[in-house]
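As structure tokens, the structure follows; a few thoughts come after it.
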Amino acid sequence: MLEEVELGVDELEAIRLCDYKNLEQTETAKKMKISQSTLQRILTSARKKIAEALIKGKAIKIKKKL
């Protein structure tokens with residue numbers, strides 16, 4: 001079975017807005033209704049998880065909020 005890296009919905013949204021939509025971090029933070037420092041923490045975590053999945057050949061699982 002393929003190992004997984006779990007990405008939170010907030011991490012996915014931060015990546016989508018900053019990296020896919022090319023929004024500035026200040027604009028992304030406003031859209032997500034969080035501080036820029038919180039956004040930076042979320043992005044750092046998400047990018048590390050994505051890098052791990054790519055380097056180690058793991059699947060990326062999106063964790064749904066309850």
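The values are calculated or read from the model by the stated rules, or taken from the named source; none is laboratory data. Note that the structure is predicted; figures quoted are calculated from it, not measured. No Cβ is skipped: glycine too gets one built from the backbone with ideal geometry, and neighbour counts run over all protein chains shown. To get the accessible areas, we keep the full protein, side chains included, count just its heavy atoms, and leave off ligands, DNA and RNA. Shrake-Rupley method; radii C 1.70, N 1.55, O 1.52, S 1.80 Å.
Contact order normalised by length for the chain, with contacts defined as Cα pairs under 8 Å and 6 or more residues apart; what percent is it?
Normalised by residue count, the contact order of the chain is 56 percent.
The longest stretch of the chain left intact once loop-based trypsin sites (Lys or Arg not before Pro) with at most 11 other Cβ atoms within 10 Å are removed from consideration, loops following DSSP, is 34-63. Over the range 3-58, the reciprocal of the mean inverse Cα-Cα separation, the Kirkwood hydrodynamic radius, stands at 11.4 Å.
Just the protein heavy atoms count here, and of the accessible area of the chain at 1.4 Å, carbon and sulfur take up 54 percent. Accessible area per residue was computed with a 1.4 Å probe on protein heavy atoms; residue 26 scores about 70 Å². Rounded to the nearest 20, the Cβ-based charge dipole of the chain about its Cα centre (Lys and Arg +1, Asp and Glu -1) stands at 140 debye.
How do 1, 32 stack up against each other in accessible area, from largest to smallest, with a 1.4 angstrom probe? Display every interim value, and only then the final one.
Working: 1 220, 32 40 Å².
These residues rank, largest area first, as 1, 32.
What is the set of long-range amide H partners of residue 7 at a cut-off below 5 Å, with H atoms built 1.01 Å from backbone N? For residue 7, the qualifying residues are 61, 62, 63.
Across the range 21-37, computed HN-Hα scalar couplings (Karplus, 6.51 cos²θ - 1.76 cosθ + 1.60, θ = phi - 60°) run 8, 6, 7, 5, 4, 5, 5, 4, 4, 4, 4, 8, 6, 9, 6, 5, 5 Hz from first to last residue, x flagging Gly and Pro. Identify all lysines with a Cα-Cα distance to residue 58 below 20 Å; exclude those on the same chain that are fewer than 8 residues away in sequence. Result set, ordered by chain and number: 48, 49. Gain on full extension, evaluated as 0.36 nm per residue between residue 63 and residue 35 minus their Cα-Cα distance, stands at 7.9 nm. Add -39500 (n - 2.57) for each DSSP H run of 4 or more in the chain, then divide by its residues: what number comes out at 222 nm, to the nearest 500 deg cm²/dmol? The per-residue figure over the chain is -17000 deg cm²/dmol. The accessible-area ordering, largest first, of the residues 4, 11 stands as 4, 11, per a 1.4 angstrom probe.
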